[in-house]
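Participant: Dumping the structure here so I can ask a few things about it.
The values are calculated or read from the model by the stated rules, or taken from the named source; none is laboratory data. Being a predicted model, the structure only gives us computed values, none of them experimental. No Cβ is skipped: glycine too gets one built from the backbone with ideal geometry, and neighbour counts run over all protein chains shown. When the accessible area is computed, the model is the full protein with side chains, heavy atoms only, and any ligands, DNA or RNA have been set aside. Shrake-Rupley method; radii C 1.70, N 1.55, O 1.52, S 1.80 Å.
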Amino acid sequence: MISRSIALAFAALASGAATSPRVQPVARDVRLVGRWDITITTPTGNAPSWLEIDSSGREALVGRIVGIVGSVRPISEIIVEGDSLRFAVPRQWEDGNGELRVVGRLQGDRLVGRMTFPDNSTLTWQGVRAPRLQRAQEPVWGAPITLLNNNNLNGWEPMGTTNQWVVQNGVLSSPRSGVNLRTSRTFGDFKLHIEFRYPKGSNSGVYLRGRHELQIEDDYGREPDSHRFSGVYGFIAPSEIAARPAGEWQTYDITLVGRMLTVVANGKRVISNQEIPGITGGALDSNEGAPGPLYLQGDHGPIEFRNIVLTPAR
């Protein structure tokens, strides 16, 4: 039997629910949903980021974010009030022990806001809607371009003051961890043949248009993962790890049309016309609609390249 005091408590709750006005939630602005290319203002210049906002069920918003460094992170809940949003995600490779906290608001067709980093520093940012990058028709391919000379770095630019990259007999090598390297020229859609070799345990990557990292890593015999050999870092896992043992020459044959990517690694198709959603950590910028360079990662470990041939679309 229910006690009198409990019965009275239930009655009071029922009476309050019947008489108190219901607080109506602020309707979310549907213009927030989608992908956003973000530029963060830092003391040393602009830095890229990327945000995806998606609906989950009737009311919830979830998403993904790419910071200045690292790979894409899931956002379990985005709190929205009208045209404003806020969320937090665990730190990844940033300094500090806190979370990455983001607030933003629509201003016309842009998002603007602040990011507070795990070390408690705060920077402002603004975002524009990411382009779809869809072609009206299939590309017509131009003449192949050999990007690597036999004995010099002509056509390439070290991305730092101390350059460790050298070219000898047609082999481009970074014998130790140092600066990254990019082409002077920029490209839109293209096909790329590139050969590379690394010692045991090393790590590198090739950034397509300077924004999307295709991972190069000593992953022979491992299971497929988006962070491993031939994966688009954090976004697309290859169907298999087609890597050869460290110390052997390996090849990627890459086709990038808009956002659609195909990768053949050592003669095996491991990514077949899949969409790259956004930039990866370490990108040069977040301007996905513009042509960009090839950029080779030299800040993780020793790596060699040869026979770099790019065929641009017209």
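Participant: Name the one entry in 289, 247 that is open to solvent by 30 Å² or more (accessible area, probe 1.4 Å), out of contact with any strand residue (DSSP E or B) (no Cβ under 6 Å at 6 or more places or on another chain), touching a residue at least 40 places away in the same chain (Cβ under 8 Å) and under 25 Å from residue 125 (Cα atoms).
Facilitator: None of the others qualify; the one that does is 289.
Participant: Return a yes/no flag: does region 216-232 have any residue that is open to solvent by less than 10 Å² (accessible area, probe 1.4 Å), more than 19 Å from the chain's Cα centre (by Cα) and free of Cβ contacts under 8 Å to residues at least 60 places away in the same chain.
Facilitator: yes
Participant: Test residue 277 against the stated conditions and say whether it is open to solvent by 50 Å² or more (accessible area, probe 1.4 Å), of a type outside the set (A, V, I, L, M) and modelled with pLDDT of 95 or more.
Facilitator: Here the answer is no, as residue 277 does not meet what is asked.
Participant: Same structure again: Of everything in region 145-158, what is open to solvent by less than 90 Å² (accessible area, probe 1.4 Å), over 14 Å from residue 306 (Cα atoms) and in a loop (DSSP other than H, G, I, E, B)? Give them in sequence order.
Facilitator: 155
Participant: If you don't mind, another one. Being exposed (fewer than 15 other Cβ atoms within 10 Å of the Cβ) and closer than 17 Å to residue 269 by Cα is the requirement here; does residue 138 meet it?
Facilitator: When the stated conditions are applied, residue 138 does not pass them.
Participant: Let me ask something else. Here is a list of conditions, (1) within 23 Å of the chain's Cα centre (by Cα); (2) over 21 Å from residue 306 (Cβ atoms); (3) part of a loop (DSSP other than H, G, I, E, B), and residue 243 meets all of them except one; can you say which number that is?
Facilitator: (2)
Participant: Looking at 22, 101 in this structure, which one is charged (D, E, K, R), at pLDDT below 80 and more than 26 Å from residue 214 (Cα to Cα)?
Facilitator: 22
Participant: Please go through region 178-206 and give me each residue that is in a loop (DSSP other than H, G, I, E, B) and of a type in the set (Lys, Arg), ordered by number.
Facilitator: 185, 200, listed by residue number.
Participant: Can you name the residue in region 102-130 that is open to solvent by 50 Å² or more (accessible area, probe 1.4 Å), within 18 Å of the chain's Cα centre (by Cα) and of a type outside the set (S, T, N, Q) and is also farthest from residue 54 (Cα to Cα) among such residues?
Facilitator: 128
Participant: Considering only region 161-178, state which residues are small (Gly, Ala, Ser) and either open to solvent by 40 Å² or more (accessible area, probe 1.4 Å) or touching a strand residue (DSSP E or B) at 6+ places or on another chain (Cβ under 6 Å) (or both).
Facilitator: Selection gives 170, 173, 174, 177.
Participant: Test residue 263 against the criterion of being surrounded by fewer than 22 Cβ atoms within 10 Å (Cβ to Cβ), out of contact with any Gly (no Cβ under 8 Å at 6 or more places or on another chain) and in contact (Cβ under 8 Å) with a residue 24 or more places away in the chain, and give yes or no.
Facilitator: no
Participant: While we're looking at this one, here's another question. Looking at 286, 230, which one is among the small types (Gly, Ala, Ser) and within 29 Å of residue 143 (Cβ to Cβ)?
Facilitator: None of the other options fit; the residue is 230.
Participant: Looking at region 250-260 only, could you name the residues that are within 25 Å of residue 302 (Cα to Cα) and open to solvent by less than 50 Å² (accessible area, probe 1.4 Å)?
Facilitator: Across region 250-260, the qualifying residues are 250, 251, 252, 254.
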